[in-house]
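See structure below.
The values are calculated or read from the model by the stated rules, or taken from the named source; none is laboratory data. Worth saying up front: this structure is predicted, and the values here are computed from it rather than measured. Neighbour counts are summed over all protein chains in view; Cβ atoms, including those assigned to glycine, are modelled from backbone coordinates with ideal geometry.
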Amino acid sequence: MIERGSDTQAFGVIVPDLPGCFSAGDTFNEAIDNAQEAMALWIEDALDNCNAVPAPSDLDTLRATGQWSGSEWIWGFVDIDPALLDEKFERVNITLPRRVIARLDRVAKEAGESRSSMIAKLALSA
């Protein structure tokens with residue numbers, strides 16, 4: 001949902017299906033782009049914290065709430081890359097100096113984890 005902007009006020013964006021997900025932009029297009037980024041970050045954070053990502057609501061259901069019925073609201077839509085939701089494992093080949101691999105293996109062993117899970121944990125914490 002996009003709240004109309006003006007020459008002195010930004011376009012505000014609220015994502016009804018993602019609680020607490022909002023954004024803004026100085027122009028309509030910037031607001032849409034920023035909303036797409038906010039949604040991707042919201043989804044990434046939810047998955048990283050083992051939280052469910054709600055399915056998109058039906059447009060008629062959202063309209064029926066009447067919450068965004070005023071003329072100050074514009075309906076907007078963005079595409080989200082489905083890869084953001086893909087939890088399927090994939091084998092990758094990486095090249096690292098031996099000293100880095102040795103350190104990685106030591107840290108993983110101390111944490112009681114595998115090399116792969118340690119790399120994933122480090123990447124997700126960055």
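Tabulated data
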| quantity | calculated |
| --- | --- |
| Options Arg115, Arg63; residue that is outside the structural domain of Met1 (by TED's automatic domain parsing) and either of a type in the set (Lys, Arg) or in contact with a Leu (Cβ under 7 Å, 6 or more places away or on another chain) (or both) | Arg115 |
| Meets criteria (closer than 30 Å to Met1 by Cβ, among the acidic types (Asp, Glu), part of a loop (DSSP other than H, G, I, E, B) and modelled with pLDDT of 90 or more) for Asp17 | yes |
| Test for Leu104: is it of a type outside the set (D, E, K, R), assigned to a helix (DSSP H, G or I) and more than 21 Å from the chain's Cα centre (by Cα) | yes |
| Identity of the residue in the stretch 23-60, in contact (Cβ under 8 Å) with a residue 40 or more places away in the chain and small (Gly, Ala, Ser), that ends up surrounded by the fewest Cβ atoms within 10 Å (Cβ to Cβ) | Ser57 |
| The lone exception for Glu110 - which of (1) exposed (fewer than 10 other Cβ atoms within 10 Å of the Cβ); (2) in a helix (DSSP H, G or I); (3) touching a residue at least 40 places away in the same chain (Cβ under 8 Å) it fails | (3) |
| Set Ser57, Ser69: member being among the hydroxyl-bearing types (Ser, Thr, Tyr) and either more than 24 Å from the chain's Cα centre (by Cα) or not assigned by TED's automatic domain parsing to the domain that holds Asp17 (or both) | Ser69 |
| Within the stretch 38-68, considering residues that are β-branched (Val, Ile, Thr) and not in a helix (DSSP H, G or I), the one nearest to Ile2 (Cα to Cα) | Thr65 |
| Residue match in the stretch 7-20 (condition: surrounded by 15 or more Cβ atoms within 10 Å (Cβ to Cβ), under 17 Å from the mean Cα position of the chain (by Cα) and small (Gly, Ala, Ser)) | no |
| Answer residue from the stretch 69-99, given it is surrounded by 10 or more Cβ atoms within 10 Å (Cβ to Cβ) and of a type in the set (A, V, I, L, M, F, W, C) and is farthest from Ser6 (Cα to Cα) among those | Leu96 |
